[in-house]
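**Q** Okay, handing you the structure first.
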Amino acid sequence: MMMDEELGEVTKPQAKALRAMDDCIRRLRAVLDNLLDVTGLETGRMRFFHRDYDFLDTVRRAVAAVADRFAEQGVQLFEEFPLGPLPAYGDADRLGRAIVQVLDNAAKFAPQGGRVGVRVRVLENAYELVVADTGSGVPPERADRIFDSFYQVDGSPTRAHGGVGVGLAIARRVARGLGGDIRVTQGAAIAGSFFPGAVFWLTVATRAPTVVLDTAHN
Ligand SMILES: Nc1ncnc2c1ncn2[C@@H]1O[C@H](COP(=O)(O)OP(=O)(O)OP(=O)(O)O)[C@@H](O)[C@H]1O
Ligand SMILES: [Mg+2]
């Protein structure tokens with residue numbers, strides 16, 4: 001209400017402060033949402049609500065959701081998408097949030113003014129999303145551990161980046177719950193441009209399995 005000046009006029013510096021507060025609250029809420037998600041999956045409960053959706057649409061929405069963050073970091077986006085529609089069946093909301101985690105990481109770990117590449121491909125009975133950046137990547141010996149809850153390559157209190165280390169744990173459970181997986185390698189070419197940093201490969205089955213998986217044990 002204050003931002004919308006419903007409670008009276010707001011000066012420019014006040015508006016700036018309000019925007020900063022709004023931003024902080026949003027971030028805090030995102031952290032809380034993630035923590036609640038991770039608690040749910042640690043206890044084996046991750047509920048999926050499957051429906052018909054469009055994979056490409058979900059990717060585009062996720063990219064749009066991080067557009068501000070990319071702009072803030074001066075990150076340039078490269079896209080390589082097939083022609084849609086890409087019909088699928090699964091939990092599009094959970095998938096969208098999982099994709100946002102990966103994109104958010106790419107923006108976070110790419111250097112200021114860096115590049116992020118996003119590619120979608122159609123596989124046999126599956127869709128594949130690749131997200132690559134121009135950061136320093138993930139050391140091969142850490143490539144599996146980064147999908148563990150609360151694991152961060154740099155977990156020191158003085159580390160350069162924020163976060164609590166649950167984004168990828170959530171993304172992996174979601175991908176597996178949708179009949180796919182997520183893994184990381186280093187260096188890939190997307191849209192004619194080379195990205196030397198981390199490359200995340202996320203797949204989902206075009207039709208998610210309806211059996212409920214015990215997410216705490218896979
Ligand atoms: N694109 C990337 N480049 C380099 N390292 C990465 C990248 N993405 C993830 N990592 C490494 O994997 C760790 C775990 O990522 P994850 O998204 O789970 O947690 P986070 O981003 O640190 O915190 P959160 O997602 O909970 O805000 C990161 O802390 C980082 O060390
Ligand atoms: Mg993250």
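The values are calculated or read from the model by the stated rules, or taken from the named source; none is laboratory data. Just so we're clear, the structure is a prediction, and the values are computed from it rather than from any experiment. Cβ coordinates were reconstructed from backbone atoms using ideal geometry, including for glycine residues, and neighbour counts include every protein chain displayed. Each accessible area value is taken on the protein alone, full model and side chains, heavy atoms only, with ligands, DNA and RNA left out. Shrake-Rupley method; radii C 1.70, N 1.55, O 1.52, S 1.80 Å.
**Q** Can you tell me which residue in region 93-118 is farthest from ligand 2 (Cβ to nearest atom), limited to those that are under 16 Å from Val204 (Cα atoms) and open to solvent by 20 Å² or more (accessible area, probe 1.4 Å)?
**A** Asp93
**Q** Quick one: count up the residues across region 157-180 that are away from ligand 1 (no atom under 13 Å from the Cβ) and open to solvent by 60 Å² or more (accessible area, probe 1.4 Å).
**A** So the answer is 3.
**Q** What are the pairs, 6+ residues apart or on separate chains, where a residue within region 131-157 that is basic (Lys, Arg) has its Cβ under 6 Å from a residue that is open to solvent by 60 Å² or more (accessible area, probe 1.4 Å)?
**A** Arg142/Val153
**Q** Filtering region 50-88 down to residues that are assigned to a loop (DSSP other than H, G, I, E, B) and open to solvent by 20 Å² or more (accessible area, probe 1.4 Å), which residue is farthest from Ala110 (Cα to Cα)? Walk me through it before giving the result.
**A** First pass over region 50-88, keeping only residues assigned to a loop (DSSP other than H, G, I, E, B): 50, 66, 73-75, 81-86.
Those still in the list that are open to solvent by 20 Å² or more (accessible area, probe 1.4 Å) too: 50, 73-74, 81-85.
Working: His50: 33, Gln73: 9, Gly74: 10, Phe81: 21, Pro82: 25, Leu83: 28, Gly84: 29, Pro85: 30 Å.
Per the stated criteria, the residue is His50.
**Q** When you look at Glu5, is it on the phi > 0 side of the Ramachandran plot, charged (D, E, K, R) and open to solvent by 50 Å² or more (accessible area, probe 1.4 Å), yes or no?
**A** Details: on the phi > 0 side of the Ramachandran plot: yes; charged (D, E, K, R): yes; open to solvent by 50 Å² or more (accessible area, probe 1.4 Å): yes.
Yes, satisfied.
**Q** Also, quick follow-up: How about region 171-210: which of its residues are assigned to a loop (DSSP other than H, G, I, E, B) and of a type in the set (A, V, I, L, M, F, W, C)? It would help to see each step written out before you state the result.
**A** Looking only at region 171-210, we keep the residues that are assigned to a loop (DSSP other than H, G, I, E, B), and these are 178-180, 191-192, 206, 208-210.
Selection gives Leu178, Ala191, Ala208.
**Q** Ok, one more. Just to be sure I understand, how many residues within region 90-133 are within 15 Å of Val199 (Cβ to Cβ) and among the aromatic types (Phe, Trp, Tyr)?
**A** Residues that pass the stated criteria total 1.
**Q** Are any of the residues in region 89-96 assigned to a strand (DSSP E or B) and closer than 30 Å to Thr210 by Cα? Write out each step before concluding.
**A** Residues of region 89-96 assigned to a strand (DSSP E or B): 89-90.
Pick out the ones that are also closer than 30 Å to Thr210 by Cα and you get 89-90.
Yes, the conditions are met somewhere in region 89-96.
**Q** (1) near ligand 1 (Cβ under 10 Å from one of its atoms); (2) modelled with pLDDT of 95 or more: which one isn't true of Ala98, the others all being true?
**A** Every condition holds for Ala98 apart from (1).
**Q** Within the group Ile190, Ile182, which residue is under 20 Å from Thr134 (Cα atoms), within 16 Å of ligand 2 (Cβ to nearest atom) and modelled with pLDDT of 95 or more? Please lay out each step first, then the result.
**A** Values: Ile190 fails: within 16 Å of ligand 2 (Cβ to nearest atom).
Testing whether each residue is under 20 Å from Thr134 (Cα atoms), within 16 Å of ligand 2 (Cβ to nearest atom) and modelled with pLDDT of 95 or more leaves just Ile182.
**Q** Can you find a residue in region 36-43 that is open to solvent by 50 Å² or more (accessible area, probe 1.4 Å) and either within 16 Å of ligand 2 (Cβ to nearest atom) or outside any helix (DSSP H, G or I) (or both)?
**A** yes
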